[in-house]
Amino acid sequence: MSTAEPATAPLFDGDALAELAASLPPQAAERLGFRLAAAAAGTAERPTDLLAVIAPGAPPAAAAPVTGLVLAARQKLLAPIAAGRQASAARLADLRAALAARNLTGFLVPLADEHQGEYIPPAAQRLAWLTGFGGSAGLAVVLAERAAIFVDGRYTLQVRDQVDTALFEPHHLIDAPPSRWLAAALKPGDRLGFDPWLHTQGGLAAIERAVQAAGAALVAVAGNPIDAVWRDRPPAPLSPMQPHPVAQAGEPHEAKIARLAAGLAAEGLDAAVISAPDGLAWLLNVRGLDVPNNPLSLGFAILEAGGEGRVRLFTDPAKVTVAAHRHLGNRVSVEAPADLGPALDALGAAGARVRLDQATAALWLHHRIEAAGGTALAGLDPCALPRAVKNPVEIAGSRAAHVRDGAAIVRFLQALDADLAAGAVLDEIDVVARLQAARAQHAWFRGPSFDTIAGAGPNGAIVHYRATPETSRVLAAGTLLLLDSGAQYPDGTTDVTRTLALGTPSPEHRDRYTLVLKGHLALGAARFPAGTSGSQLDVLARAPLWQAGLDYDHGTGHGVGSFLCVHEGPQRISKMPNTVALQPGMIVSNEPGYYKTGAYGIRIENLIAVTALPAPAGAERDMLGFETLTLVPYDRRLIDTHRLSAAEIALVNAYHARVLGALSPLLDGAALDWLKAATAPISP
């Protein structure tokens, strides 16, 4: 999991770098170029944050030149990744040559880092570097004469726009999985390589069966061959680990450690490896700036069972600032990433039974523990369920975050409507920038929780579309704008989608929007017995579309963290089977949609919290429901009230009355007038 030092000279102005080095203490000046490049690979922007990890103890005057060098280098560092499609042919040829030198027939290239994170650092963007694909999930298979790329239903259109399909055959990850393609493409005696740091045990199982059936061999490689040909690969990110105060976390990290350590001991386990950075963040009450959108500090930890619990944290010690060390206390030891292997060896030699997260633990971890004599037991990350069930402080924080977020969105929507009515020419990139600027007016805004999706017209049909200068469409009258965005605040994470009419919508627009709205309302109003999973509720959101012969090719709801990842498990609402029961305190999204390829997309999304309901008279079971957290009006112009029942109209009006009541105190002038009009009652 190490990253070699890159040649940093092309990233920096030599004179500026020398001048900065001369102004720093000798220890801070040592390997300055590398530390600056590592900081550029992270997301920190504030001068104090950058100075804390690049030159701790340096005079405050050094903050400005440090920041200037880092921000200038960041674009240069990312440029080779963005050039993926244009450089694919040469990079693919280099990779094939490297594979041949290792006696490998092919190689698996997942969109993954060592933690299986959704947002990964630049050094792990191997799939984008090789193919040009910029989605959040995918896998390429490179053989000597053929190559393919596999993406799920969110990216079937996007992959053809971003990837040279003459080099990589595009396939649906679910309908035509890699295992099926490999079963037909491999020959007896072939050797298919993979990086054991980038695959989980379960994730590789189907491919392993297909390779064996073809008479080929699946070979774990030491050292990723892409890294050998990626000559300007970025270093691992360097950004400060930041304490997350109990006032927002709701529980001290010492109490979390003790609670989980006792749980491991009760299961007869000796330790657990925490491989998911959001698990680390939750357990230790820390946040970071290593990757985009998710406030994470990358690393691994070993949680020892029994007693009060002890945690060994394996991360770059340069990330752990004085404040972070003070916060972690004596129950947490900080060790270098290279020390993880020997620590696992020691557990194995002692015959330890070690829990590994079935969702995120790399095969390398399994192999290392078992090779040393231990037992690696795949199961649920011990942090996952406690993290998903928010405590009362976290739920209160989420409510507060959604109020301020809703007010920011209303200000943005009012200005957007006014400018379009005045004849302004705006494109999707303008929309993204304006919405972020509206949120950034609040001092607690910490950045987006994911890359904003602003899809106008046919771009809205690309489920996880991201506007670029090449694809950005001008907002045109008579079309729809699908706007899916979210924000990170210290007390909560938001994610909201609204579909907006630009000018007068067509009858088809209103029909499809209303079908989506009916499913959205049905799910939000659901009442269900304790023990129900999200997959049992999914049909409620789809039923109105199904009755019209329509559907959507994505899940209906995902879990959401508390100033953490916008996509969080283990709960979800989806057609895919899921046995995790919804529990009070869990936050999930409610986001049905409809997408007409080449025309438009519609999605409506609120975040909802699972709540316990008062028992009705004669009840025999505990009942649960949802509290809607998101506070943004639906677009009344798109609602065909004749297709709504009286109960559905009442739900819309009650929601809009609540939005008006919650946001009015934060608004005035034109924004308040807009909100009053947008939340006016509807009638048949």
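The values are calculated or read from the model by the stated rules, or taken from the named source; none is laboratory data. None of the values given here were measured: they were computed from a predicted structure. Cβ: placed from backbone, ideal geometry, glycine included. Neighbour counts: every protein chain shown.
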For the range 45-61, the count of residues that are surrounded by fewer than 20 Cβ atoms within 10 Å (Cβ to Cβ) and assigned to a helix (DSSP H, G or I) equals 4
For Pro237, the lone unmet condition from (1) outside any helix (DSSP H, G or I); (2) within 22 Å of Gly309 (Cβ to Cβ) is (2)
Exactly one of Leu416, Leu435 is surrounded by 22 or more Cβ atoms within 10 Å (Cβ to Cβ) and over 23 Å from the mean Cα position of the chain (by Cα), and that one is Leu416
(Q) When you scan the range 398-408, do you find a residue that is touching an Asp or Glu at 6+ places or on another chain (Cβ under 8 Å), in a helix (DSSP H, G or I) and free of Cβ contacts under 8 Å to residues at least 60 places away in the same chain, even just one? (A) no
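Has the range 358-367 got any residue that is buried (at least 23 other Cβ atoms within 10 Å of the Cβ), in contact with a Lys or Arg (Cβ under 8 Å, 6 or more places away or on another chain) and in a helix (DSSP H, G or I)?
Within the range 358-367, the subset buried (at least 23 other Cβ atoms within 10 Å of the Cβ) is 360-362, 365.
Still in the running and in contact with a Lys or Arg (Cβ under 8 Å, 6 or more places away or on another chain): none.
Within the range 358-367, none of the residues are buried (at least 23 other Cβ atoms within 10 Å of the Cβ), in contact with a Lys or Arg (Cβ under 8 Å, 6 or more places away or on another chain) and in a helix (DSSP H, G or I).
What number of residues within the range 293-310 satisfy the criterion of being at pLDDT 95 or above and either within 19 Å of Ala487 (Cα to Cα) or over 19 Å from the mean Cα position of the chain (by Cα) (or both)?
Of the range 293-310, the ones at pLDDT 95 or above are 293-305, 310.
Now drop any that are not either within 19 Å of Ala487 (Cα to Cα) or over 19 Å from the mean Cα position of the chain (by Cα) (or both), which leaves 293-297, 301-305, 310.
Within the range 293-310, residues that are at pLDDT 95 or above and either within 19 Å of Ala487 (Cα to Cα) or over 19 Å from the mean Cα position of the chain (by Cα) (or both) number 11.
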Only one of (1) surrounded by 21 or more Cβ atoms within 10 Å (Cβ to Cβ); (2) outside any helix (DSSP H, G or I); (3) aliphatic (A, V, I, L, M) does not apply to Leu537, and that is (2)
Within the range 85-105, residues without any contact (Cβ under 8 Å) to a residue 60 or more places away in the chain, surrounded by 12 or more Cβ atoms within 10 Å (Cβ to Cβ) and under 30 Å from the mean Cα position of the chain (by Cα) come out as Ala87
Filtering the range 421-432 down to residues that are more than 22 Å from the chain's Cα centre (by Cα) and either surrounded by 16 or more Cβ atoms within 10 Å (Cβ to Cβ) or within 21 Å of Pro469 (Cβ to Cβ) (or both) yields Ala424, Val425, Leu426, Asp427, Asp430
